[in-house]
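Student: Sharing a structure with you now.
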Amino acid sequence: MSEAWIRVEDARRGAAADWLVRLQSADLTETEALRFDSWLAVHPANAVAYDQVLSVTLELEAAAPGIARALKATPLRRSTPTRRGWFVAGGLAAAATLAVAVMPFSALRPAATQTYVTAKGEHRTVRLADGSVLDLNAGSALSVTLARDARQVTLMQGEAVFDVAPDKARPFLIAAGDRTVRVVGTRFDVRRRDGQLSVTVERGLVEVRPTEAAAAAGAAIGSRAFRLHPGQRLDHAEGAPDVRVSAADPAQVFAWRTGRLIYRDQPLGDVIADLNQQFPRPIVLEDPALASTRVSGVLVLDDQAAVIRRLALLAPIKALPSARGVLLRSDTAAKP
Amino acid sequence: MIVAQDATDPLLAAYLERRQSLLRFLAARCGSLAVAEDLTQELFLKLAGRDPGGEIGNPTAMLYRMALNLMLDRARGDSRAAARDTAWRQIARSEIGGQDVADDPPADEAAASAQRLRQLIAAVQDLPPQAGRAFRLHKLEGLSHAETARVMGLSVKAVEKHVSAALKALTARLSP
(Lines give C-alpha, C1' and ligand atoms only; values in the text may rest on other atoms or scores of the structure.)
Protein backbone atom coordinates (compact mmCIF):
# COMPACT_ATOMS: atom_id res chain seq x y z
CA MET A 1 0.00 0.00 0.00
CA SER A 2 1.49 3.30 -1.02
CA GLU A 3 1.92 6.16 1.38
CA ALA A 4 -0.44 8.35 -0.65
CA TRP A 5 -3.13 5.69 -0.45
CA ILE A 6 -2.73 5.43 3.31
CA ARG A 7 -3.17 9.21 3.51
CA VAL A 8 -6.41 8.96 1.51
CA GLU A 9 -7.66 6.19 3.79
CA ASP A 10 -6.72 8.21 6.83
CA ALA A 11 -8.63 11.24 5.57
CA ARG A 12 -11.64 9.08 4.82
CA ARG A 13 -11.61 7.66 8.33
CA GLY A 14 -11.38 11.19 9.71
CA ALA A 15 -14.39 12.26 7.65
CA ALA A 16 -16.29 9.16 8.78
CA ALA A 17 -15.53 9.93 12.44
CA ASP A 18 -16.62 13.54 11.92
CA TRP A 19 -19.92 12.33 10.46
CA LEU A 20 -20.55 9.91 13.27
CA VAL A 21 -20.01 12.61 15.88
CA ARG A 22 -22.29 14.99 13.97
CA LEU A 23 -25.01 12.34 13.72
CA GLN A 24 -24.79 11.77 17.46
CA SER A 25 -25.10 15.43 18.29
CA ALA A 26 -28.35 16.71 19.72
CA ASP A 27 -28.72 19.56 17.20
CA LEU A 28 -28.40 17.54 14.00
CA THR A 29 -30.33 19.20 11.16
CA GLU A 30 -32.18 17.65 8.27
CA THR A 31 -29.78 19.37 5.85
CA GLU A 32 -26.86 17.63 7.54
CA ALA A 33 -28.68 14.30 7.35
CA LEU A 34 -29.02 14.79 3.58
CA ARG A 35 -25.37 15.74 3.24
CA PHE A 36 -24.48 12.57 5.12
CA ASP A 37 -26.60 10.55 2.70
CA SER A 38 -24.76 12.12 -0.26
CA TRP A 39 -21.37 11.58 1.34
CA LEU A 40 -22.15 7.86 1.82
CA ALA A 41 -23.33 7.55 -1.78
CA VAL A 42 -20.48 9.43 -3.42
CA HIS A 43 -17.91 6.65 -2.94
CA PRO A 44 -18.36 3.08 -1.68
CA ALA A 45 -15.17 3.46 0.39
CA ASN A 46 -16.92 6.13 2.44
CA ALA A 47 -19.50 3.62 3.60
CA VAL A 48 -16.75 1.12 4.43
CA ALA A 49 -14.86 3.69 6.50
CA TYR A 50 -18.07 4.75 8.22
CA ASP A 51 -18.99 1.16 9.08
CA GLN A 52 -15.57 0.67 10.66
CA VAL A 53 -15.91 3.76 12.85
CA LEU A 54 -19.51 2.87 13.70
CA SER A 55 -18.62 -0.70 14.60
CA VAL A 56 -15.72 0.33 16.87
CA THR A 57 -17.86 3.06 18.45
CA LEU A 58 -20.72 0.68 19.22
CA GLU A 59 -18.27 -1.83 20.63
CA LEU A 60 -16.73 0.82 22.89
CA GLU A 61 -20.14 2.06 23.98
CA ALA A 62 -21.19 -1.47 24.82
CA ALA A 63 -18.01 -2.02 26.83
CA ALA A 64 -18.19 1.44 28.44
CA PRO A 65 -18.96 0.19 31.98
CA GLY A 66 -16.00 -2.19 31.93
CA ILE A 67 -13.63 0.38 30.46
CA ALA A 68 -14.76 3.04 32.91
CA ARG A 69 -14.25 0.67 35.83
CA ALA A 70 -10.73 -0.11 34.66
CA LEU A 71 -9.92 3.58 34.25
CA LYS A 72 -11.39 4.47 37.62
CA ALA A 73 -7.91 4.51 39.10
CA THR A 74 -7.47 7.86 37.35
CA PRO A 75 -10.79 9.61 37.94
CA LEU A 76 -11.74 12.61 35.85
CA ARG A 77 -14.07 14.34 38.24
CA ARG A 78 -14.02 14.31 41.98
CA SER A 79 -17.74 14.83 42.29
CA THR A 80 -18.74 11.27 41.46
CA PRO A 81 -19.29 9.35 44.69
CA THR A 82 -19.59 5.62 45.23
CA ARG A 83 -22.46 5.29 42.81
CA ARG A 84 -20.02 5.34 39.93
CA GLY A 85 -19.56 1.61 39.77
CA TRP A 86 -23.22 1.19 39.05
CA PHE A 87 -23.89 4.08 36.80
CA VAL A 88 -20.87 4.64 34.61
CA ALA A 89 -22.83 3.27 31.67
CA GLY A 90 -25.22 6.18 31.85
CA GLY A 91 -23.83 9.33 33.36
CA LEU A 92 -27.05 11.02 32.38
CA ALA A 93 -29.04 8.39 34.17
CA ALA A 94 -27.00 9.08 37.25
CA ALA A 95 -27.55 12.80 36.83
CA ALA A 96 -31.26 12.26 36.42
CA THR A 97 -31.63 10.25 39.61
CA LEU A 98 -29.06 12.15 41.65
CA ALA A 99 -31.51 14.83 42.72
CA VAL A 100 -33.92 12.32 44.14
CA ALA A 101 -31.26 10.08 45.62
CA VAL A 102 -30.28 12.73 48.13
CA MET A 103 -33.88 13.49 49.06
CA PRO A 104 -34.28 12.93 52.80
CA PHE A 105 -36.47 10.04 53.73
CA SER A 106 -38.51 10.62 56.79
CA ALA A 107 -37.77 7.76 59.15
CA LEU A 108 -40.54 8.89 61.45
CA ARG A 109 -43.30 8.32 58.95
CA PRO A 110 -45.00 4.98 59.53
CA ALA A 111 -44.55 2.53 56.69
CA ALA A 112 -47.81 2.69 54.77
CA THR A 113 -48.67 0.21 52.07
CA GLN A 114 -49.94 1.63 48.83
CA THR A 115 -51.52 -0.45 46.10
CA TYR A 116 -51.42 0.40 42.40
CA VAL A 117 -53.59 -1.26 39.78
CA THR A 118 -53.77 -0.76 35.99
CA ALA A 119 -56.63 -1.79 33.74
CA LYS A 120 -56.28 -3.30 30.27
CA GLY A 121 -54.59 -0.88 27.92
CA GLU A 122 -53.58 1.40 30.78
CA HIS A 123 -49.95 2.28 31.47
CA ARG A 124 -49.08 4.07 34.65
CA THR A 125 -45.91 5.66 35.99
CA VAL A 126 -45.55 5.80 39.77
CA ARG A 127 -42.84 7.86 41.44
CA LEU A 128 -42.13 6.62 44.95
CA ALA A 129 -41.01 8.80 47.84
CA ASP A 130 -37.49 7.33 47.69
CA GLY A 131 -37.07 8.48 44.08
CA SER A 132 -37.61 5.10 42.48
CA VAL A 133 -39.90 5.03 39.48
CA LEU A 134 -42.20 2.16 38.60
CA ASP A 135 -43.80 1.87 35.19
CA LEU A 136 -46.77 -0.46 35.29
CA ASN A 137 -47.80 -2.28 32.15
CA ALA A 138 -51.46 -2.96 31.41
CA GLY A 139 -53.35 -5.42 33.60
CA SER A 140 -50.98 -5.21 36.57
CA ALA A 141 -51.34 -4.93 40.31
CA LEU A 142 -48.65 -4.31 42.89
CA SER A 143 -48.30 -2.92 46.38
CA VAL A 144 -45.46 -0.84 47.80
CA THR A 145 -44.27 -0.50 51.40
CA LEU A 146 -41.42 1.91 52.10
CA ALA A 147 -40.12 0.84 55.50
CA ARG A 148 -37.08 2.09 57.38
CA ASP A 149 -34.93 -0.92 56.67
CA ALA A 150 -36.30 -2.06 53.32
CA ARG A 151 -38.40 -1.04 50.36
CA GLN A 152 -40.87 -3.79 49.62
CA VAL A 153 -42.97 -4.38 46.56
CA THR A 154 -45.34 -7.26 46.00
CA LEU A 155 -46.16 -7.93 42.38
CA MET A 156 -49.52 -9.66 42.50
CA GLN A 157 -50.03 -9.78 38.78
CA GLY A 158 -48.66 -8.26 35.58
CA GLU A 159 -45.48 -6.50 34.60
CA ALA A 160 -43.52 -3.44 35.66
CA VAL A 161 -40.22 -1.75 34.93
CA PHE A 162 -38.37 -0.76 38.08
CA ASP A 163 -35.97 2.16 38.04
CA VAL A 164 -34.65 1.91 41.55
CA ALA A 165 -33.00 4.81 43.35
CA PRO A 166 -29.77 3.57 44.92
CA ASP A 167 -29.89 3.18 48.67
CA LYS A 168 -27.60 0.55 50.08
CA ALA A 169 -29.10 0.83 53.57
CA ARG A 170 -32.58 -0.02 52.31
CA PRO A 171 -32.62 -2.87 49.84
CA PHE A 172 -35.41 -2.94 47.30
CA LEU A 173 -37.23 -6.27 47.52
CA ILE A 174 -39.84 -7.45 45.08
CA ALA A 175 -41.92 -10.48 45.96
CA ALA A 176 -43.37 -12.18 42.91
CA GLY A 177 -44.94 -15.54 43.59
CA ASP A 178 -42.39 -17.84 45.17
CA ARG A 179 -39.38 -15.72 44.23
CA THR A 180 -37.91 -12.56 45.73
CA VAL A 181 -36.04 -10.08 43.55
CA ARG A 182 -33.48 -8.02 45.42
CA VAL A 183 -31.72 -4.94 44.08
CA VAL A 184 -29.65 -2.00 45.18
CA GLY A 185 -30.08 0.47 42.34
CA THR A 186 -30.82 -0.48 38.79
CA ARG A 187 -33.40 -0.76 36.04
CA PHE A 188 -35.15 -3.96 35.14
CA ASP A 189 -38.44 -5.50 34.18
CA VAL A 190 -40.41 -8.00 36.24
CA ARG A 191 -43.29 -9.83 34.68
CA ARG A 192 -45.66 -12.23 36.40
CA ARG A 193 -48.51 -13.62 34.41
CA ASP A 194 -50.30 -16.95 34.73
CA GLY A 195 -47.73 -18.40 37.12
CA GLN A 196 -44.82 -17.51 34.84
CA LEU A 197 -42.21 -15.16 36.21
CA SER A 198 -39.57 -13.40 34.14
CA VAL A 199 -37.01 -10.79 35.14
CA THR A 200 -34.96 -8.85 32.59
CA VAL A 201 -32.14 -6.53 33.61
CA GLU A 202 -31.22 -3.43 31.65
CA ARG A 203 -28.80 -1.87 34.11
CA GLY A 204 -27.14 -2.89 37.36
CA LEU A 205 -27.26 -6.18 39.23
CA VAL A 206 -30.36 -8.03 40.35
CA GLU A 207 -30.60 -11.05 42.59
CA VAL A 208 -33.48 -13.51 42.35
CA ARG A 209 -33.95 -16.06 45.11
CA PRO A 210 -36.80 -18.23 46.37
CA THR A 211 -38.99 -16.73 49.08
CA GLU A 212 -38.33 -18.18 52.52
CA ALA A 213 -41.48 -20.25 52.28
CA ALA A 214 -40.50 -21.65 48.89
CA ALA A 215 -36.97 -22.37 50.08
CA ALA A 216 -38.29 -24.23 53.10
CA ALA A 217 -40.73 -26.27 51.05
CA GLY A 218 -38.59 -26.85 47.98
CA ALA A 219 -35.72 -29.10 47.15
CA ALA A 220 -32.14 -27.92 47.63
CA ILE A 221 -31.79 -27.10 43.93
CA GLY A 222 -34.69 -24.69 44.18
CA SER A 223 -33.14 -22.62 46.94
CA ARG A 224 -30.35 -21.21 44.83
CA ALA A 225 -30.09 -17.46 44.35
CA PHE A 226 -29.25 -16.09 40.91
CA ARG A 227 -27.47 -12.87 40.11
CA LEU A 228 -28.53 -11.30 36.86
CA HIS A 229 -26.36 -8.91 34.88
CA PRO A 230 -27.49 -6.39 32.26
CA GLY A 231 -28.93 -8.14 29.25
CA GLN A 232 -29.81 -11.28 31.18
CA ARG A 233 -33.24 -12.66 31.66
CA LEU A 234 -34.51 -15.19 34.16
CA ASP A 235 -37.58 -17.33 33.53
CA HIS A 236 -39.29 -19.39 36.16
CA ALA A 237 -42.54 -21.32 36.43
CA GLU A 238 -43.98 -20.89 39.89
CA GLY A 239 -43.84 -24.06 41.94
CA ALA A 240 -41.12 -25.54 39.76
CA PRO A 241 -37.71 -25.96 41.39
CA ASP A 242 -35.63 -24.62 38.52
CA VAL A 243 -35.08 -21.33 36.75
CA ARG A 244 -33.65 -20.60 33.32
CA VAL A 245 -31.23 -17.75 32.64
CA SER A 246 -30.75 -16.55 29.08
CA ALA A 247 -29.60 -13.53 27.11
CA ALA A 248 -32.31 -11.03 26.27
CA ASP A 249 -32.50 -7.73 24.47
CA PRO A 250 -33.94 -5.35 27.08
CA ALA A 251 -35.09 -3.05 24.26
CA GLN A 252 -37.56 -5.74 23.27
CA VAL A 253 -38.74 -6.38 26.80
CA PHE A 254 -39.01 -2.71 27.72
CA ALA A 255 -40.67 -1.64 24.49
CA TRP A 256 -44.20 -1.71 25.88
CA ARG A 257 -43.32 1.44 27.81
CA THR A 258 -42.87 3.38 24.60
CA GLY A 259 -46.08 2.07 23.11
CA ARG A 260 -44.39 -0.46 20.87
CA LEU A 261 -43.89 -4.20 21.05
CA ILE A 262 -40.79 -5.63 19.42
CA TYR A 263 -40.54 -9.27 18.45
CA ARG A 264 -37.70 -11.22 17.02
CA ASP A 265 -38.65 -14.72 15.98
CA GLN A 266 -41.27 -15.22 18.67
CA PRO A 267 -44.42 -17.38 18.52
CA LEU A 268 -47.62 -15.66 17.40
CA GLY A 269 -49.29 -17.04 20.52
CA ASP A 270 -47.06 -14.84 22.72
CA VAL A 271 -47.77 -11.81 20.55
CA ILE A 272 -51.52 -12.37 20.90
CA ALA A 273 -51.16 -12.81 24.67
CA ASP A 274 -49.33 -9.48 24.87
CA LEU A 275 -51.91 -7.73 22.68
CA ASN A 276 -54.72 -9.10 24.81
CA GLN A 277 -53.19 -7.24 27.75
CA GLN A 278 -53.35 -4.01 25.77
CA PHE A 279 -56.86 -4.05 24.34
CA PRO A 280 -60.22 -4.89 25.89
CA ARG A 281 -61.54 -6.76 22.82
CA PRO A 282 -60.00 -10.24 23.00
CA ILE A 283 -58.08 -11.58 20.02
CA VAL A 284 -58.55 -15.29 19.43
CA LEU A 285 -56.69 -17.61 17.08
CA GLU A 286 -59.07 -19.75 15.06
CA ASP A 287 -56.58 -22.57 14.68
CA PRO A 288 -54.42 -23.14 17.81
CA ALA A 289 -51.64 -24.42 15.54
CA LEU A 290 -51.21 -20.83 14.33
CA ALA A 291 -49.84 -19.94 17.76
CA SER A 292 -46.48 -21.46 16.91
CA THR A 293 -45.98 -19.31 13.77
CA ARG A 294 -42.81 -17.28 14.26
CA VAL A 295 -43.13 -13.52 14.13
CA SER A 296 -40.51 -10.78 13.80
CA GLY A 297 -41.23 -7.08 13.67
CA VAL A 298 -42.31 -3.96 15.47
CA LEU A 299 -45.91 -3.31 16.47
CA VAL A 300 -46.80 0.26 17.31
CA LEU A 301 -49.62 0.26 19.86
CA ASP A 302 -52.26 2.76 18.84
CA ASP A 303 -55.68 1.37 18.05
CA GLN A 304 -56.46 -2.31 17.94
CA ALA A 305 -57.63 -2.46 14.33
CA ALA A 306 -54.44 -0.73 13.11
CA VAL A 307 -52.27 -3.03 15.21
CA ILE A 308 -53.97 -6.11 13.76
CA ARG A 309 -53.55 -4.73 10.23
CA ARG A 310 -49.81 -4.37 10.88
CA LEU A 311 -49.64 -7.81 12.43
CA ALA A 312 -51.13 -9.18 9.22
CA LEU A 313 -48.07 -7.79 7.42
CA LEU A 314 -45.81 -9.87 9.67
CA ALA A 315 -47.74 -13.14 9.76
CA PRO A 316 -50.02 -14.95 7.27
CA ILE A 317 -53.26 -14.08 9.01
CA LYS A 318 -56.44 -12.14 8.41
CA ALA A 319 -58.81 -10.74 10.99
CA LEU A 320 -62.55 -11.40 11.19
CA PRO A 321 -64.88 -9.71 13.64
CA SER A 322 -66.63 -12.24 15.86
CA ALA A 323 -69.11 -12.21 18.69
CA ARG A 324 -66.38 -12.69 21.26
CA GLY A 325 -63.84 -10.25 19.84
CA VAL A 326 -61.46 -10.55 16.92
CA LEU A 327 -60.86 -13.88 15.27
CA LEU A 328 -57.55 -14.44 13.48
CA ARG A 329 -57.63 -16.92 10.64
CA SER A 330 -54.75 -18.40 8.70
CA ASP A 331 -54.52 -16.58 5.38
CA THR A 332 -52.74 -18.95 3.04
CA ALA A 333 -53.18 -16.58 0.12
CA ALA A 334 -50.90 -14.12 1.90
CA LYS A 335 -48.05 -16.61 2.26
CA PRO A 336 -44.81 -14.95 1.27
CA MET B 1 -42.27 -10.51 1.29
CA ILE B 2 -44.20 -7.30 1.41
CA VAL B 3 -41.52 -5.27 -0.29
CA ALA B 4 -42.21 -3.44 -3.54
CA GLN B 5 -45.94 -3.78 -3.45
CA ASP B 6 -46.05 -0.45 -5.22
CA ALA B 7 -42.82 0.20 -7.08
CA THR B 8 -44.24 3.37 -8.58
CA ASP B 9 -44.48 5.04 -5.17
CA PRO B 10 -41.42 7.37 -5.22
CA LEU B 11 -41.09 7.35 -1.44
CA LEU B 12 -41.08 3.56 -1.27
CA ALA B 13 -38.59 3.43 -4.16
CA ALA B 14 -36.32 5.91 -2.37
CA TYR B 15 -36.60 3.85 0.80
CA LEU B 16 -35.60 0.63 -0.91
CA GLU B 17 -32.65 2.36 -2.54
CA ARG B 18 -31.47 3.99 0.70
CA ARG B 19 -32.31 1.38 3.29
CA GLN B 20 -28.64 0.77 4.17
CA SER B 21 -27.87 4.47 4.49
CA LEU B 22 -30.90 4.97 6.73
CA LEU B 23 -29.77 2.03 8.84
CA ARG B 24 -26.30 3.56 9.23
CA PHE B 25 -27.87 6.91 10.04
CA LEU B 26 -30.17 5.47 12.69
CA ALA B 27 -27.47 3.22 14.17
CA ALA B 28 -25.36 6.27 14.96
CA ARG B 29 -28.35 8.16 16.32
CA CYS B 30 -29.65 5.45 18.61
CA GLY B 31 -26.35 3.71 19.35
CA SER B 32 -27.52 0.22 18.53
CA LEU B 33 -27.70 -1.75 15.31
CA ALA B 34 -30.54 -3.87 16.63
CA VAL B 35 -32.64 -0.85 17.54
CA ALA B 36 -31.72 0.80 14.23
CA GLU B 37 -32.96 -2.30 12.39
CA ASP B 38 -36.25 -2.09 14.25
CA LEU B 39 -36.60 1.60 13.51
CA THR B 40 -35.74 1.09 9.85
CA GLN B 41 -38.47 -1.51 9.68
CA GLU B 42 -40.85 0.73 11.54
CA LEU B 43 -40.12 3.42 8.96
CA PHE B 44 -41.01 0.96 6.23
CA LEU B 45 -44.27 0.05 7.93
CA LYS B 46 -45.07 3.74 8.19
CA LEU B 47 -44.37 4.18 4.47
CA ALA B 48 -46.28 1.08 3.45
CA GLY B 49 -49.23 2.02 5.62
CA ARG B 50 -49.61 5.60 4.44
CA ASP B 51 -51.85 6.88 1.70
CA PRO B 52 -49.67 6.84 -1.44
CA GLY B 53 -51.33 9.92 -2.91
CA GLY B 54 -50.00 13.45 -2.46
CA GLU B 55 -47.08 15.35 -3.89
CA ILE B 56 -43.62 14.67 -2.49
CA GLY B 57 -41.01 17.24 -3.42
CA ASN B 58 -37.86 15.44 -2.30
CA PRO B 59 -38.38 11.80 -1.29
CA THR B 60 -34.91 11.52 0.30
CA ALA B 61 -35.46 14.59 2.46
CA MET B 62 -38.85 13.20 3.44
CA LEU B 63 -37.26 9.87 4.45
CA TYR B 64 -34.65 11.46 6.70
CA ARG B 65 -37.26 13.77 8.21
CA MET B 66 -39.37 10.71 9.02
CA ALA B 67 -36.32 8.92 10.43
CA LEU B 68 -35.51 11.89 12.68
CA ASN B 69 -39.13 12.04 13.84
CA LEU B 70 -39.09 8.35 14.61
CA MET B 71 -36.13 8.98 16.90
CA LEU B 72 -37.98 11.86 18.55
CA ASP B 73 -41.07 9.70 19.09
CA ARG B 74 -38.84 7.16 20.68
CA ALA B 75 -37.00 9.67 22.84
CA ARG B 76 -40.26 11.16 24.06
CA GLY B 77 -41.50 8.03 25.75
CA ASP B 78 -38.06 7.00 26.79
CA SER B 79 -35.54 8.93 28.81
CA ARG B 80 -32.41 9.97 27.00
CA ALA B 81 -30.50 8.12 29.64
CA ALA B 82 -32.14 4.86 28.69
CA ALA B 83 -31.48 5.47 25.00
CA ARG B 84 -27.82 5.96 25.80
CA ASP B 85 -27.66 3.09 28.19
CA THR B 86 -25.22 0.85 26.51
CA ALA B 87 -24.63 -2.02 28.85
CA TRP B 88 -26.80 -4.43 26.94
CA ARG B 89 -25.89 -3.41 23.43
CA GLN B 90 -23.22 -5.98 22.85
CA ILE B 91 -25.70 -8.74 23.49
CA ALA B 92 -28.03 -7.66 20.76
CA ARG B 93 -25.26 -7.00 18.29
CA SER B 94 -25.87 -7.59 14.63
CA GLU B 95 -24.01 -6.92 11.40
CA ILE B 96 -24.86 -4.13 9.06
CA GLY B 97 -25.88 -5.34 5.64
CA GLY B 98 -25.84 -8.98 6.71
CA GLN B 99 -27.82 -11.28 8.92
CA ASP B 100 -28.06 -10.96 12.64
CA VAL B 101 -25.13 -12.42 14.45
CA ALA B 102 -25.90 -14.97 17.15
CA ASP B 103 -27.57 -13.32 20.09
CA ASP B 104 -25.93 -15.27 22.86
CA PRO B 105 -22.22 -15.87 22.56
CA PRO B 106 -21.04 -19.25 23.85
CA ALA B 107 -19.43 -19.28 27.26
CA ASP B 108 -15.95 -20.10 25.93
CA GLU B 109 -15.88 -16.73 24.24
CA ALA B 110 -15.62 -15.11 27.65
CA ALA B 111 -11.83 -15.37 27.68
CA ALA B 112 -11.56 -13.84 24.21
CA SER B 113 -13.84 -10.98 25.19
CA ALA B 114 -11.81 -10.33 28.35
CA GLN B 115 -8.73 -9.98 26.17
CA ARG B 116 -10.62 -7.69 23.81
CA LEU B 117 -11.72 -5.57 26.76
CA ARG B 118 -8.06 -5.14 27.74
CA GLN B 119 -7.32 -3.95 24.18
CA LEU B 120 -10.17 -1.45 24.37
CA ILE B 121 -8.97 -0.14 27.75
CA ALA B 122 -5.39 0.23 26.52
CA ALA B 123 -6.53 2.04 23.38
CA VAL B 124 -8.60 4.52 25.41
CA GLN B 125 -5.71 5.04 27.83
CA ASP B 126 -3.34 5.86 24.99
CA LEU B 127 -5.50 8.62 23.51
CA PRO B 128 -4.00 12.13 23.50
CA PRO B 129 -5.03 13.98 26.70
CA GLN B 130 -7.78 16.27 25.40
CA ALA B 131 -9.26 13.73 23.00
CA GLY B 132 -9.08 11.12 25.76
CA ARG B 133 -10.80 13.38 28.27
CA ALA B 134 -13.58 14.33 25.84
CA PHE B 135 -14.06 10.67 24.92
CA ARG B 136 -14.23 9.54 28.52
CA LEU B 137 -16.70 12.22 29.58
CA HIS B 138 -18.93 11.75 26.55
CA LYS B 139 -18.75 8.04 25.86
CA LEU B 140 -17.92 6.52 29.24
CA GLU B 141 -19.71 8.89 31.58
CA GLY B 142 -22.55 9.56 29.19
CA LEU B 143 -22.40 13.37 29.15
CA SER B 144 -23.80 15.12 26.09
CA HIS B 145 -21.52 17.17 23.83
CA ALA B 146 -22.77 20.33 25.54
CA GLU B 147 -22.24 18.94 29.04
CA THR B 148 -18.76 17.74 28.10
CA ALA B 149 -18.01 21.22 26.73
CA ARG B 150 -19.08 22.76 30.03
CA VAL B 151 -16.93 20.40 32.11
CA MET B 152 -13.88 20.91 29.86
CA GLY B 153 -14.39 24.64 29.42
CA LEU B 154 -14.43 24.35 25.63
CA SER B 155 -16.90 25.11 22.86
CA VAL B 156 -19.23 22.35 21.69
CA LYS B 157 -17.51 22.38 18.28
CA ALA B 158 -14.13 21.83 19.95
CA VAL B 159 -15.54 18.90 21.94
CA GLU B 160 -16.92 17.34 18.76
CA LYS B 161 -13.48 17.70 17.15
CA HIS B 162 -11.82 15.97 20.09
CA VAL B 163 -14.37 13.14 20.17
CA SER B 164 -14.01 12.70 16.42
CA ALA B 165 -10.21 12.58 16.70
CA ALA B 166 -10.57 9.98 19.47
CA LEU B 167 -12.90 7.83 17.39
CA LYS B 168 -10.59 8.06 14.39
CA ALA B 169 -7.57 6.97 16.45
CA LEU B 170 -9.53 4.20 18.17
CA THR B 171 -10.84 2.87 14.86
CA ALA B 172 -7.36 2.86 13.34
CA ARG B 173 -6.11 0.84 16.29
CA LEU B 174 -9.05 -1.45 17.00
CA SER B 175 -10.45 -2.28 13.55
CA PRO B 176 -9.70 -5.82 12.47
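The values are calculated or read from the model by the stated rules, or taken from the named source; none is laboratory data. Because the structure is a prediction, the values reported are computed rather than measured. Please note: Cβ atoms are built from the backbone with ideal geometry, for glycine as well, and neighbour counts cover all protein chains shown. To get the accessible areas, we keep the full protein, side chains included, count just its heavy atoms, and leave off ligands, DNA and RNA. Shrake-Rupley method; radii C 1.70, N 1.55, O 1.52, S 1.80 Å.
Student: Would you pick out the residues in the range A:309-336 that are under 17 Å from residue A:262 (Cβ atoms) and of a type in the set (A, V, I, L, M, F, W, C)?
Tutor: Step one: filter the range A:309-336 for residues under 17 Å from residue A:262 (Cβ atoms), giving A:310-311, A:313-315.
A:311, A:313, A:314, A:315 - these are the residues of the range A:309-336 that are under 17 Å from residue A:262 (Cβ atoms) and of a type in the set (A, V, I, L, M, F, W, C).
Student: Which one of the conditions (1) closer than 28 Å to residue A:27 by Cβ; (2) more than 10 Å from every other protein chain (Cβ to nearest Cβ); (3) modelled with pLDDT under 85 does residue B:96 fail to meet, given that it meets all the rest?
Tutor: Every condition holds for residue B:96 apart from (2).
Student: Can you find a residue that is touching a Lys or Arg at 6+ places or on another chain (Cβ under 7 Å), at pLDDT 60 or above and within 24 Å of residue A:49 (Cβ to Cβ) anywhere in the range B:8-28?
Tutor: So the first thing to find is which residues in the range B:8-28 are touching a Lys or Arg at 6+ places or on another chain (Cβ under 7 Å), and the list is none.
Among the residues of the range B:8-28, not one is touching a Lys or Arg at 6+ places or on another chain (Cβ under 7 Å), at pLDDT 60 or above and within 24 Å of residue A:49 (Cβ to Cβ), which makes the answer no.
Student: Further question: Inside the range A:276-316, can you point out the residues that are of a type in the set (S, T, N, Q), open to solvent by 30 Å² or more (accessible area, probe 1.4 Å) and assigned to a helix (DSSP H, G or I)? Break it down stepwise before answering.
Tutor: Residues of the range A:276-316 of a type in the set (S, T, N, Q): A:276-278, A:292-293, A:296, A:304.
Restricting the remaining residues to those that are open to solvent by 30 Å² or more (accessible area, probe 1.4 Å) gives A:276-277, A:292-293, A:296.
Answer for the range A:276-316, where residues must be of a type in the set (S, T, N, Q), open to solvent by 30 Å² or more (accessible area, probe 1.4 Å) and assigned to a helix (DSSP H, G or I): A:276, A:277, A:292.
Student: Within the range A:166-196, can you find the residues that are of a type in the set (A, V, I, L, M, F, W, C) and touching a Leu at 6+ places or on another chain (Cβ under 8 Å)?
Tutor: Of everything in the range A:166-196, those that are of a type in the set (A, V, I, L, M, F, W, C) and touching a Leu at 6+ places or on another chain (Cβ under 8 Å) turn out to be A:174, A:175, A:176, A:181, A:183, A:184, A:188, A:190.
Student: Next question. At pLDDT below 90 and under 23 Å from residue A:70 (Cβ atoms), is that true of residue B:137?
Tutor: Numbers: at pLDDT below 90: no; under 23 Å from residue A:70 (Cβ atoms): yes.
It is false that residue B:137 is at pLDDT below 90 and under 23 Å from residue A:70 (Cβ atoms).
Student: Still on this structure, I have one more. Could you tell me how many of the residues in the range B:33-46 are of a type outside the set (A, V, I, L, M), touching a Lys or Arg at 6+ places or on another chain (Cβ under 8 Å) and facing chain A (nearest Cβ under 7 Å)?
Tutor: Final tally of qualifying residues: 1.
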